[in-house]
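Asker: The structure is given below, and queries will be raised subsequently.
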Amino acid sequence: MIFDRERGDIHRLSHIIGVLMKYEFGPWVDGISKEHRFSLLKKLSWYKQSRALNLSKAARLRMTFEELGPIFVKFGQMLSTRADIFKREYVEELSKLQDSAPAFSWEEAEGIIKTELGREPPELFELIEKTPLASASLGQVHEAVLKGGRRVVIKVQRPDIIREIEQDIRLMRYLSVFLVRNNPDWESYNLPGLIDEFDRSIHREVDYRFEGRYADKFRKIFENDKTVYVPRILWEYSTEKILVMEYVDGVNLKYLITECKKRRNRIVAERIMNSYLKQIFEHQFFHADPHPSNIFVLPDNTICYLDFGMMKHLGRDFTKQLSSILMSIFIGDLQGLVENLQTANILGPNVDKERLIRELEDVYTLYYESPSQAKIGQGLERILEIFAKYRMRVPEDYAMLIRSFIVVEGTVKQLNPKIDMVEHVKEYLSPTKELKFVNIKKITDFKDNLVRIAETMGGLPDAISKFSKSLATASITVDFKHQSLEELSKNLDRISNRISASILLAAILVGSSLIMTTGQGPLFFDFPVVGIVGFTFALILGSWMVVRIIRRAGI
């Protein structure tokens, strides 16, 4: 790797290694100083070992990410969704990472708004609160009032965050080489692949145009659902670095959880659960960061989702596979579960199926056999751990969905501890619901076919016009292929040869006749020699053709 001193790569790398050494992870990256021949040890002399060394390795890794800043915190949060790869203790610790960061100054925010919108903020906004409502790793949110009195919120991208993201990801790729070299077991984690996944994810999240489009789509799928509300995006004020949406006057779900209004909490819990299951099973498009801070409750108990930076699309086939897998788990059909895993290409060829079923039986007994005490998310997470043990590769979407569902389940249980989660999920896996999914798929497929037919019909006038022109100019080319017609091919060859010979014979006879009439050239008995030779050759050729025809019994 070539370091860019102007971008501060070496200084940042020194800081990262220093923090790793501080929490006793230095051996992970042994060899770096030797590799590049710069004295990192001198640069790191100010680091002291942490007093937290008596904590678990997983806890120290979480603290390492926290000290390395917002990009590493986001990376740690992503890793916490991969219970199919990492041990439970690491997943639980990394799940504690909070996406928060100090607010940047109003002057910086004002400068970004002016640059992005091309006008002074007072020309567009009646009022902007200089103190942000919230601040996170990628940006912060300010309350504002548009000219005309409409209340909105402005999400402003953090200054220089793109440069920080690219630098940290560049150094992550570099460090992963040493991490795998010094810890061969880590090769199975596919760190380069995880970093690539994080790279794509965070670049989508930091581009607010994606978030705006996701919000629009989310709003559309719930437009006829009176229990869910999604704020409108004001695109005339929104760019890659600025997102303006309508202000929502509601209660943060975190506050509602602490209230003791049981009836209201039961209603909200039901609506959150139902809306999330609809996202997954009906719309195949779900909110992948549904923690309580991203959900507001309006005065009439309508659920309002916020922050659409992390959304996931699910294919219809994926959803059908997921439905089959979940139903197998809930009814304890573990043999059927293994068969469904095989259909979904999750089950490896060398997996001991009998042993796997025995381990899955333990999960069913602990988490699903008693519906009133069922813990769907924790059970699924335990299943992912078993998959990791058997080196079964689970699609990223499964892992992300399970982690999100665990968050939703935890929130709903806090609001209403008596809610029957299994029954709610089973309702979406019932035959009538399955029939609904099938019908939706058929309708969608029919619609897609109609679109293709319309597109084809739209091209017919041009095709007919071209065909007509080809007819007029005699420029049509016909290609055909025959099979098992060898005899016909031979006959055609013979016929074409005879036609060629006949044409040649006729030409010789005509030419010789013309020469004979001239009376010129060397003469033999007053006849031109060339004409006599031509007639003689024509006689021989004609005789040969007659003999060939007679021998083959006709044409």
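Asker: Just checking, which of Y174, Y208, Y214 is in contact with an Asp or Glu (Cβ under 8 Å, 6 or more places away or on another chain) and either touching a residue at least 24 places away in the same chain (Cβ under 8 Å) or among the β-branched types (V, I, T) (or both)? Don't jump to the end; show me each part of the working.
Answerer: Working: Y174 fails: in contact with an Asp or Glu (Cβ under 8 Å, 6 or more places away or on another chain); Y214 fails: in contact with an Asp or Glu (Cβ under 8 Å, 6 or more places away or on another chain).
After applying the criteria, what remains is Y208.
Asker: Just wondering, is there one or more residues in region 348-370 that are of a type in the set (D, E), assigned to a helix (DSSP H, G or I) and in contact (Cβ under 8 Å) with a residue 24 or more places away in the chain? Before the answer, list the steps.
Answerer: Taking region 348-370 first, the residues of a type in the set (D, E) are 352, 354, 359, 361-362, 369.
Restricting the remaining residues to those that are assigned to a helix (DSSP H, G or I) gives 354, 359, 361-362.
Those still in the list that are in contact (Cβ under 8 Å) with a residue 24 or more places away in the chain too: 359, 361.
Yes: region 348-370 contains one or more residues that are of a type in the set (D, E), assigned to a helix (DSSP H, G or I) and in contact (Cβ under 8 Å) with a residue 24 or more places away in the chain.
Asker: Right, something else. What do you reckon, is I406 surrounded by 18 or more Cβ atoms within 10 Å (Cβ to Cβ) and modelled with pLDDT of 85 or more? Explain how you work it out, then say what you get.
Answerer: Numbers: surrounded by 18 or more Cβ atoms within 10 Å (Cβ to Cβ): yes; modelled with pLDDT of 85 or more: yes.
Yes; evaluated as a whole, the condition is true for this residue.
Asker: Hey, can you tell me all the residues within region 225-242 that are surrounded by fewer than 19 Cβ atoms within 10 Å (Cβ to Cβ), touching a strand residue (DSSP E or B) at 6+ places or on another chain (Cβ under 9 Å) and of a type in the set (K, R)?
Answerer: R232
Asker: If we keep just the residues of region 247-297 that are among the aromatic types (F, W, Y) and farther than 28 Å from L97 by Cβ, which is surrounded by the fewest Cβ atoms within 10 Å (Cβ to Cβ)?
Answerer: Y247
Asker: Tell me, which strands (runs of 3 or more DSSP E) lie completely within region 102-203 with 3 or more residues that are of a type in the set (V, I, T) and under 32 Å from the mean Cα position of the chain (by Cα)? Outline the logic, then answer.
Answerer: Values: elements: 125-128, 139-146, 151-157.
In region 102-203, 151-157 are the strands (runs of 3 or more DSSP E) which contain 3 or more residues that are of a type in the set (V, I, T) and under 32 Å from the mean Cα position of the chain (by Cα).
Asker: Could you list, in sequence order, all residues of region 354-370 that are surrounded by fewer than 13 Cβ atoms within 10 Å (Cβ to Cβ) and under 21 Å from Y398 (Cβ atoms)?
Answerer: D362
Asker: When you go through V251, V244 one by one, which is the residue that is modelled with pLDDT of 95 or more and either farther than 30 Å from Q157 by Cβ or not acidic (D, E) (or both)?
Answerer: On the way: V251 fails: modelled with pLDDT of 95 or more.
V244 is the lone residue from the list that is modelled with pLDDT of 95 or more and either farther than 30 Å from Q157 by Cβ or not acidic (D, E) (or both).
Asker: For region 389-398, which positions are surrounded by fewer than 20 Cβ atoms within 10 Å (Cβ to Cβ) and in contact (Cβ under 8 Å) with a residue 40 or more places away in the chain? Write out each step before concluding.
Answerer: Start the filter on region 389-398 by keeping residues that are surrounded by fewer than 20 Cβ atoms within 10 Å (Cβ to Cβ), which leaves 389-397.
Residues satisfying the conditions are Y390, R391, M392, R393, V394, P395, E396, D397.
Asker: Tell me, yes or no, whether region 319-339 has at least one residue that is touching a residue at least 12 places away in the same chain (Cβ under 8 Å), in a helix (DSSP H, G or I) and not assigned by TED's automatic domain parsing to the domain that holds M392.
Answerer: Within region 319-339, not a single residue is touching a residue at least 12 places away in the same chain (Cβ under 8 Å), in a helix (DSSP H, G or I) and not assigned by TED's automatic domain parsing to the domain that holds M392.
Asker: Sticking with this one: Of the residues E35, E67, only one is modelled with pLDDT of 80 or more and either surrounded by fewer than 18 Cβ atoms within 10 Å (Cβ to Cβ) or not assigned by TED's automatic domain parsing to the domain that holds V177 (or both); which?
Answerer: Values: E35 fails: modelled with pLDDT of 80 or more.
Step by step, each of E35, E67 is checked, and only E67 is modelled with pLDDT of 80 or more and either surrounded by fewer than 18 Cβ atoms within 10 Å (Cβ to Cβ) or not assigned by TED's automatic domain parsing to the domain that holds V177 (or both).
Asker: Then there is this: Taking M327 as meeting all but one of (1) under 26 Å from S201 (Cα atoms); (2) within 27 Å of the chain's Cα centre (by Cα), write down the number of the exception.
Answerer: (1)
The values are calculated or read from the model by the stated rules, or taken from the named source; none is laboratory data. All figures in this text were calculated on a predicted structure; none of them were measured in a lab. Please note: Cβ atoms are built from the backbone with ideal geometry, for glycine as well, and neighbour counts cover all protein chains shown.
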